[in-house]
1. Charges only on Cβ, +1 for Lys and Arg, -1 for Asp and Glu: so what's the dipole of region 14-56 about the Cα centre, in debye to the nearest 20?
2. Region 408-439 to region 253-296: how many Å between their Cα centroids?
3. Give, as a single signed number, the net charge of other residues whose beta carbon lies under 12 Å from the beta carbon of residue 450, with Lys and Arg counted +1 and Asp and Glu -1.
4. Please work out how much length the chain gains when fully extended from residue 369 to residue 94, using 0.36 nm per residue of separation minus the C-alpha to C-alpha distance, in nm with one decimal.
5. Give the calculated FRET efficiency between residue 52 and residue 359 to the nearest 0.05, with a Förster radius of 56 Å applied to their Cβ-Cβ distance.
6. Modelling each spin label as a point 7 Å along the Cα-to-Cβ direction, I'd like the residue 44/residue 247 distance in nm, to one decimal.
7. Can you pull the percent of Cα pairs in region 252-302 with separation above 14 Å?
8. Using the 2.2 N^0.38 Å rule of thumb for compact globular proteins, work out how region 213-287 stacks up: its C-alpha Rg over that value, please.
Amino acid sequence: MNLLIAGKSDINRAAREFFESRGVGVKTAEDISGITKFEGEVGDFRAAAGGEEIEAAFVLLTELPACEPEPIDGGAVEGLFARSPEEMTSRSREYPDVFLLDYFRESPAHAAIRALGAAGALAAKKRRAYYLSRFARTADYESETLYSETRNAGAVFVKYDELKITRAGGVFKIAASDGALEYEISTDHIYSDGARDVGGRFRAAARVFGLRAGKGGFLVEDRHFLEPVRTSRRGVYHIGRDAALRAGETFAFILRDAKRDAAGFRDGRARAEIDGNKCVLCRTCERACPHAAMTPDTAARAMKNMVSACEGCGICVSLCPCSAIALAGERDYESPGRACGHRTLIMCCENGANEAIGEALSFMGALAADVDIRAVPCGGRISAGELGRALENYGGVMAAVCPDGACAHFDGNKRACLQAGQMADALKLAGLSGMDVATVQVSHAMPRALADAVVDFMTRHGRSEPDLETAS
Ligand code: SF4
Ligand code: SF4
């Protein structure tokens, strides 16, 4: 089994040692822009870097998001990772050093640990060091110990509610309040973690590996379903600064996960099957697939689904203009097979709404009897055509999909809303009530909100009289 380490980072050496000690062959491509080809799926990736062909079963992206802090009041702020703690402490200083967290965004754990370490090192050298943050982070033993060590070294902690920073004559004036005390700090140097933006180099890395990114270009951050190191593409892992804090544990997880997926593990998920006779190689599915699971098979003159990479989300099925894709292993769905105008169909995403609908129905009293449920692997599986077909049997169809940022397939929820909007417009154009199609965005933890949305949808269309219990 081979691993490709891609990116320039201090963690590369530890990663090579860990994986080689477990019999994994390791190739490293530090310069991501030198990677001219990357294709394939977990267990069988092929890349070209620096004129060399590389075969790898899995990939570890070690490139780190830039997250450069923006200037404050025209004054430069230094990134927490721009220099090593040793370099920070080597300079003589007239003013105190200020470590500023939670200013540009809620700072991640690794930034807090870095700032604590540096502030403690400076204070231990009898330098004045301030640690300013909105939140105290003592979630784990390590940061709790680091907190007391840094405090004992003499660093000053300010947990601010209010903060105002201005700059004059090259000096920052910081006015902070923790609701009880007011602090006035003058300094010419602020360290901080940066804005929610990964920077150009990291974006390029995501493009090379065909990875879907969230807000600000992050690959894993705030996507709980990918933590700690998975990305949108099976077999490609990204080790950020937080995961690097527990490097050994993280590498062990990656090795276990990659071995399992390379062996073809599918945990029961459906997969796309393409009818080569219908496919016209328009590549729509390839562009839309959030998991890089489609690749053109020029010999067969049709698209090919890479089984190990396919997550079975169904987005390609709803977008293929030739209906050339079906989902093998998709849950069967029993349609009533006869028109029943008073009934409502709720298409529920399996990653969220489908876990809430059972409880939601219990809040709906008698109305629940007029509701049918269809589970879908992702909101993205719901096409305007699917909605139209359902309206042949139902008076109303609602797509219950994930809230923004929570879709396990990145934009499946948005695609469902788009398709439902198109269907509603088409119904209006046809002079049919455009109100028979709706969407709601709920997570697994929102049964009440889902119940209220369904009741509102049904009663607004007079499909049933409200039951007192639910109308409250
Ligand atoms: S979207 Fe459909 S027709 Fe287009 S390439 Fe994919 S399978 Fe073929
Ligand atoms: S089902 Fe989803 S993951 Fe699989 S090929 Fe289609 S879009 Fe990609």
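Readers should treat all values here as calculations from the given coordinates under stated rules, not as data from a laboratory. If you're wondering where the values come from, they're calculated on a predicted model, not measured in any experiment. Virtual Cβ from ideal backbone geometry, glycine too; neighbours counted across all protein chains shown.
1. Once rounded to the nearest 20, the dipole reads 80 debye.
2. Between the Cα centre of region 408-439 and that of region 253-296, the gap is 27 Å.
3. Around residue 450, the charge tally is -3.
4. Between residue 369 and residue 94, full extension yields 91.6 nm more.
5. Calculated transfer efficiency: 0.50.
6. Between residue 44 and residue 247, the simple spin-label model gives 3.4 nm.
7. Roughly 65 percent, rounded to a whole number.
8. Normalised by 2.2 N^0.38 Å, the Cα Rg of region 213-287 equals 1.41.
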